[in-house]
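A quick write-up on the structure given underneath.
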Amino acid sequence: MATAMPPAPQPRWMRWVDQRLPIFSLMKDLNEYPEPKNLNYWWNFGSLAGFTLVVMIVTGIVLAMHYTPHSDMAFDSVERIMRDVNHGWLLRYVHANGGAMFFVAVYIHIFRGLYYGSYKSPREIIWWLGVIIFLLMMATAFMGYVLPWGQMSYWAAKVITNLFSAIPLIGPDITTWLWGGFAVDNPTLNRFFSLHYLLPFVIVGVVFVHIWALRTVGSGNPLGIDVKSPKDQIPFHPYFTVKDLFGLGVFMLVWAAFVFFAPNFMGHPDNYIPADALVTPAHIVPEWYFLPFYAILRATPDILFINAKLAGVIAMFGSILLLFVLPYLDRSKVRSANYRPAYRVAFWIFAADCVLLGFCGAAAPEGTWLVVGRIATAYYFAHFLIIVPIISRLETPKPLPFSISEPVVKGAAARA
């Protein structure tokens with residue numbers, strides 16, 4: 001029987017560096033880190049989000065070298081980037097469409113976590129850190145949307161920041177601080193540019209803590225069961241690096257398709273008109289990844305003594321903050337929806353409801369769409385506060401496999 005070859009000795013210079021800064025040992029540990037061997041391609045989207053974050057930071061730094069954060073020159077500086085800066089059009093389109101691709105990866109990552117119970121013990125802190133990253137992304141994306149200083153940028157900033165004025169007592173002061181004065185103007189643009197540049201680095205810091213927590217408790221898996229033996233795991237490299245690289249190739253093809261063939265597909269036509277405080281667009285809408293929350297904001301009516309504006313703000317932020325308490329709303333001991341038939345049905349209805357909210361957010365808040373938006377908003381909150389807790393207590397899950405390896409062995413035996 002052949003014996004495994006011993007590892008090649010490290011070169012002297014590598015040992016010298018490792019004794020003073022153990023970077024090569026860390027890389028070796030990361031490469032050899034054991035992961036559940038049944039991870040599928042839905043687990044690719046965490047690394048895809050990380051890759052996209054790096055691209056966004058690099059392109060953002062280069063764009064900032066040519067951008068002028070002044071209300072009189074911002075729109076023209078963007079046009080100059082597009083026309084006069086070498087490959088400026090490419091940098092801007094990669095960055096602009098990269099924001100959308102970042103949210104695609106993160107939304108799929110979140111819904112994968114909801115389906116496979118990645119928020120359950122012992123991974124609550126990983127989940128909370130992920131929600132914090134999501135909130136930071138939303139803030140960063142909104143501020144970036146304002147920077148071109150087109151019509152939709154200006155009015156989106158005016159509408160969204162003005163929502164904070166609905167908060168009792170401190171609301172007007174928060175709005176004045178965000179504006180840097182008493183209207184959306186040059187100080188607002190300067191603040192948003194500064195924060196848009198800063199927040200990605202804050203996201204990187206939270207991502208490192210997120211990965212640290214993940215390495216501490218280990219990854220979940222499609223079966224939702226714990227690792228029982230070393231046979232249930234395989235090294236991260238080369239098995240999952242190859243899978244991640246394949247996923248990255250497909251992801252970049254889609255990204256490139258938007259950049260080169262439909263770069264303005266996800267943009268709004270009004271944002272190619274310079275900002276004008278005296279001309280209100282016919283229909284003010286944010287980017288597509290904000291639309292479900294925008295629909296919740298607009299669909300919320302007066303509730304008792306709370307006016308519709310304040311109720312909408314509470315509902316919009318509450319729809320995200322609910323994710324923090326989800327580990328305590330879902331009390332089922334079974335993680336994966338593959339073994340929870342009732343929860344699986346509820347999950348797909350919830351996913352469809354989120355898509356419907358997106359359409360409601362893109363439509364004018366009147367007539368049928370307003371009614372549909374209110375029904376979809378009610379169901380969104382009912383899913384977390386009523387349906388999931390009831391299902392977790394009354395549902396009878398399917399029997400779980402004994403180990404991660406068991407379904408693989410049974411499948412191989414069945415095919416033999």
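The values are calculated or read from the model by the stated rules, or taken from the named source; none is laboratory data. Keep in mind that this is a model prediction, so the values were computed, not measured. Neighbour counts are summed over all protein chains in view; Cβ atoms, including those assigned to glycine, are modelled from backbone coordinates with ideal geometry.
Points worth noting:
Yes/no per residue for (1) touching a residue at least 40 places away in the same chain (Cβ under 8 Å); (2) touching a strand residue (DSSP E or B) at 6+ places or on another chain (Cβ under 9 Å); (3) polar (S, T, N, Q):
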site	(1), (2), (3)
Asp276	yes, no, no
Val279	yes, no, no
Pro286	yes, no, no
Arg298	yes, no, no
Phe305	no, no, no
Lys309	yes, no, no
Asn338	yes, no, yes
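- The range 105-140 - residue that is among the hydroxyl-bearing types (Ser, Thr, Tyr) and more than 20 Å from Leu199 (Cα to Cα) and, of those, surrounded by the fewest Cβ atoms within 10 Å (Cβ to Cβ): Ser121
- Within the set Ile391, Ile349, Ile386, the sole residue that is farther than 16 Å from Ile110 by Cβ and buried (at least 18 other Cβ atoms within 10 Å of the Cβ) turns out to be Ile391.
- Close Cβ contacts (under 7 Å, 6 or more residues apart or on different chains) running from residues in the range 388-405 that are touching a residue at least 60 places away in the same chain (Cβ under 8 Å) and over 16 Å from Ala337 (Cβ atoms) to residues that are surrounded by 15 or more Cβ atoms within 10 Å (Cβ to Cβ) and of a type in the set (Val, Ile, Thr) comprise Ile404/Ile225; Ile404/Val227.
- Of the residues making up the range 62-97, those that are part of a loop (DSSP other than H, G, I, E, B), among the aliphatic types (A, V, I, L, M) and either in contact (Cβ under 8 Å) with a residue 60 or more places away in the chain or over 13 Å from Leu189 (Cα atoms) (or both) are Met65, Val85.
- Within the range 360-373, considering residues that are surrounded by fewer than 18 Cβ atoms within 10 Å (Cβ to Cβ) and touching a residue at least 40 places away in the same chain (Cβ under 8 Å), the one nearest to Thr396 (Cα to Cα): Leu370
- Some residue of the range 47-59 being farther than 21 Å from Leu248 by Cβ, part of a helix (DSSP H, G or I) and either in contact with a Pro (Cβ under 9 Å, 6 or more places away or on another chain) or of a type in the set (A, V, I, L, M) (or both): no
- Within the range 282-400, helices (runs of 4 or more DSSP H) holding 3 or more residues that are farther than 19 Å from Tyr119 by Cβ and not assigned by TED's automatic domain parsing to the domain that holds Ile125: 291-299, 308-329, 341-362, 367-382
- Complete set of residues in the range 175-205 that are outside any helix (DSSP H, G or I) and touching a residue at least 24 places away in the same chain (Cβ under 8 Å): Ala183, Val184, Asp185
- Output for the range 36-46, where each listed residue is under 23 Å from the mean Cα position of the chain (by Cα) and either surrounded by fewer than 18 Cβ atoms within 10 Å (Cβ to Cβ) or not in a loop (DSSP other than H, G, I, E, B) (or both): Asn40, Tyr41, Trp42, Trp43, Asn44, Phe45, Gly46
- Residue satisfying all of: in the range 256-274; out of contact with any strand residue (DSSP E or B) (no Cβ under 8 Å at 6 or more places or on another chain), in a helix (DSSP H, G or I) and of a type outside the set (Phe, Trp, Tyr); farthest from Tyr93 (Cα to Cα) among these: Pro269
- Taken as a whole, the condition of being part of a helix (DSSP H, G or I), out of contact with any strand residue (DSSP E or B) (no Cβ under 6 Å at 6 or more places or on another chain), surrounded by 15 or more Cβ atoms within 10 Å (Cβ to Cβ) and touching a residue at least 24 places away in the same chain (Cβ under 8 Å) does not apply to Leu223.
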